[in-house]
Amino acid sequence: MELDNFTYGLIKDLLPDNSPIHEAYKGKRTNDGAPGTFKAKITKAYGGDVTIEKAKKFKERENATPHDKRQANWFINFHSKNENLDPSDLENTGKAAPYGSEYSLVEEAVMPYIQELTEYMGQNGLNIEPLPSVEFKYDPENAIQPLGHTAYYNPNDKIIVLYTADRHPKDILRSFAHEMIHHNQNLEGRLGNITTTNVNEDEALQEIEKEAYTEGNMYFRSWENSKKN
Ligand SMILES: [Zn+2]
């Protein structure tokens, strides 16, 4: 089974987040959120690819809609973390070059779906705000380990880390859905009393993981079905 590296040093020090969680993403879903539309809007307005600068400019326009702002904020939120990485760190920590060749191809392919899936989960009853950051790790050495990492959630910083090398995009998205359930558990203060990463040693962890596997997969599956209908 896929046991994600639910990081324990971090969880032990976890301060439960008691801030009120507001209902995520009210209102109806529209095609405005479909993959590619944000990029299309940016290209139309400014030409070229989406950058943080363009996303900021886009959301600050006088006629920016709430949806424009949300899409721009997601982009900025998801990308800021990586852009701030010191390139000298990347050598040591594993190939997560922010806009390196293979890295950015995977990111570009998967990110629009991550945004859509995030929106879907929020609109279908999951408390996920404030939204987590997302980081991609391109790590070919990890990828050849049969029990290598696939994804993890860092509850202190609210970051979902997704390993991308040699994985089908759908598999990455399924990992993302799983980690989003951990994010929800974190926001609800339910990760506080976990003391191990071994599900065979801790019943509380077993329950936390059971929920993440079932809920994460079901959200993923119903989102997928909603797209194919
Ligand atoms: Zn998990």
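When region 135-169 is filtered for residues that are in contact with a strand residue (DSSP E or B) (Cβ under 9 Å, 6 or more places away or on another chain) and part of a loop (DSSP other than H, G, I, E, B), the ones remaining, listed by number, are Tyr138, Asp139, Gly148, His149, Thr150, Asp157, Lys158, Thr164, Ala165.
So that you can scan it fast, the table gives a plain yes or no per residue for (1) of a type in the set (Val, Ile, Thr); (2) within 23 Å of Ala143 (Cα to Cα); (3) in contact (Cβ under 8 Å) with a residue 12 or more places away in the chain:
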position: Val161; (1), (2), (3): yes, yes, yes
position: His178; (1), (2), (3): no, yes, yes
position: Asn186; (1), (2), (3): no, no, yes
position: Leu205; (1), (2), (3): no, no, yes
position: Tyr213; (1), (2), (3): no, yes, yes
position: Ser222; (1), (2), (3): no, no, yes
position: Lys228; (1), (2), (3): no, no, no
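The single residue among Glu201, Glu211 that is over 30 Å from Lys39 (Cβ atoms), within 16 Å of the ligand (Cβ to nearest atom) and assigned to a helix (DSSP H, G or I) turns out to be Glu211. Between Leu162, Leu191, Leu173, the distinction of being touching a helix residue (DSSP H, G or I) at 6+ places or on another chain (Cβ under 7 Å), more than 20 Å from Leu117 (Cβ to Cβ) and crowded, with 20+ Cβ neighbours inside 10 Å belongs to Leu191 only. Test Ala177 against the stated conditions and say whether it is within 14 Å of the ligand (Cβ to nearest atom) and touching a Gly at 6+ places or on another chain (Cβ under 9 Å). Yes: the conditions hold for Ala177. Within region 112-167, the set of residues being of a type in the set (Asp, Glu) and either within 16 Å of the ligand (Cβ to nearest atom) or modelled with pLDDT of 90 or more (or both) comprises Glu116, Glu119, Glu129, Glu135, Glu141, Asp157.
Take Glu108 and tell me if it is surrounded by fewer than 23 Cβ atoms within 10 Å (Cβ to Cβ) and within 13 Å of the chain's Cα centre (by Cα). Here the answer is no, as Glu108 does not meet what is asked.
The values are calculated or read from the model by the stated rules, or taken from the named source; none is laboratory data. Just so it is clear, the model here is predicted, and its values are computed rather than measured. Because the Cβ atoms are built from the backbone with ideal geometry, glycine has one as well, and the counts that use them run over all protein chains shown.
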